[in-house]
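Asks: Provided herewith is a single structure, encoded as structure tokens, for subsequent inquiry.
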Amino acid sequence: MDGVVASGRKMRKTIVGYVPLESPLYKFHPLTRLLLFIITGFLPIYIDMPEVNLLFICFLIGLFRYARVNISSLKIYTPMFITVGLFMFLSYYLAPGKNPALIPIGKLFGVTIFFQPMRWFIVSYVRIIALLLAAIFYFSSNRERDILVGLRSARVPFVISYFIGLCMRSAGMFLEDLKTIREAEQARGLDSSALTFRGKLKHYSMYMIPLFTLALRRGEEISSALFAKGYGFSNDKDRADYARSKLNFSRRDLVACIFLILAFTGLIFLSKRGVFNVEHSLINRLFAPFLS
């Protein structure tokens, strides 16, 4: 079996997660997909207006659907989104700064809420969600082979691309090792849900010992395997790359790359002209009743 069925769609399990078995996105060269990831990963940084970043998030969700990624799988990231939002809100709520120009708009549990920190909380949170979704989309629609081919096609040095490949594989193996350790604990009758919060902290910190030991052992095995196969990391000559030779950069990819670069350049130009400044945002109207 080459895949699993999730929500009516065939998915393939890779080291970095589940990706669609078939997707229109695979018609594009991995280098084009890598360029899309770089642009979507940087664009929200230049936009302060949260409504524009919300539109960008809708665009990313559209990309999820276009690439046939199982959108319901995004619910596993909900705790992370909530945790990030709560942490950021508390940071702006409890430590708004000492600028005398801060405008109070009310109180919550006896603590004054100021307009400027709350506005930047909304701006920053929406921006971070957009950045996270851009990264999730890339790793949910590209196999590890596509990621490495994209890096090598971009002329990234072999040492760097090989290191990134090992990191991706190590992340998958780390999760598998953690799963094995937890299953071994359950087989021995350990019920971690019965532990106190302090007990859980001590218990989970002890995971580092077997995980670190397994990582060292696996690193030694990888090093020995590389030595046995005569691998070196010199960049004096080009290396044969079978995976890259099977994927051609077509005219479709050229047009897509030119369009992405022009769109990114245009949006950066508008950002530098102040079009996306927070002062032009509709969020100011949202807080207007509290400012009067």
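The values are calculated or read from the model by the stated rules, or taken from the named source; none is laboratory data. As the structure is a prediction and not an experimental result, all values here were calculated from the model. So basically every Cβ, Gly included, is an ideal-geometry build from the backbone, and we count neighbours across all protein chains shown. Protein only, heavy atoms only, side chains kept; ligands, DNA and RNA dropped before computing areas. Shrake-Rupley method; radii C 1.70, N 1.55, O 1.52, S 1.80 Å.
Asks: Considering amide H positions built from the backbone, and no H for Pro or chain starts, which residues 5 or more places from S250, or on another chain, come under 5 Å of its amide H?
Replies: It is H29, by chain and number.
Asks: Report the gain in length on full extension from R145 to I268: 0.36 nm times residue separation, minus Cα-Cα distance, nm rounded to one decimal.
Replies: Gain on stretching R145 to I268: 41.2 nm.
Asks: What length, rounded to one decimal in nm, is gained on full extension from F259 through to T112, with 0.36 nm per residue of separation minus their alpha-carbon distance?
Replies: Full extension from F259 to T112 adds 48.2 nm.
Asks: Name the residues whose placed amide hydrogens come within less than 5 Å of the amide hydrogen of F114, ignoring near sequence neighbours (fewer than 5 apart) on the same chain.
Replies: Residues meeting the criterion, in which the H sits 1.01 Å from N, are I105.
Asks: Indicate the gyration tensor shape class of the stretch 1-160 (rounded, prolate or oblate), computed on the Cα atoms with a ≥ b ≥ c the square roots of the eigenvalues: a/c under 1.5 is rounded; otherwise a/b larger than b/c is prolate and the rest oblate.
Replies: Verdict is prolate for the stretch 1-160.
Asks: Given a 1.4 angstrom probe, what's the average accessible area per residue across the stretch 60-124, in square angstrom?
Replies: 61
Asks: While we're on this one: Determine, for each peptide in 271-280, 41-50, 125-134, the mean count of other beta carbons within 10 angstrom over its residues, then list the peptides with the highest first.
Replies: By packing density, highest mean first, the sequence is 125-134, 41-50, 271-280.
Asks: So for each of 97-108, 176-187, 135-146 I average, over its residues, the number of other beta carbons within 10 Å; can you give me the resulting order with the highest mean first?
Replies: Descending packing order for the listed peptides: 135-146, 176-187, 97-108.
Asks: Could you tell me what percent of the accessible area of the stretch 119-167 is made up of carbon and sulfur, with a 1.4 Å probe and every protein chain present?
Replies: Its accessible area is 73 percent carbon and sulfur atoms.
Asks: Spin-label point model (7 Å from Cα, Cβ direction): what's the N284 to T83 distance in nm?
Replies: 3.7
Asks: Would you mind checking which residues have amide H under 5 Å from M11's amide H? H placed 1.01 Å from N; only 5 or more apart, or other chain.
Replies: Result for M11 returns V4, V5, A6, L21.
Asks: Here is a further query. Could you work out how much longer the chain between F42 and D191 gets when fully extended? Use 0.36 nm per residue separation minus the Cα distance between them, nm to one decimal.
Replies: Extra length available between F42 and D191 comes to 49.3 nm.
Asks: Among the listed pairs K10/K179; K75/K98; K10/K272; K246/K272; K10/K246; K98/K272, which are separated by more than 32 Å between their Cα atoms?
Replies: Where the Cα-Cα span goes over 32 Å, the pairs concerned are K75/K98; K10/K272; K246/K272.
Asks: Once you put a point 7 Å from the Cα of K179 and another 7 Å from the Cα of R155, both along the Cβ direction, what distance in nm separates them?
Replies: 4.0
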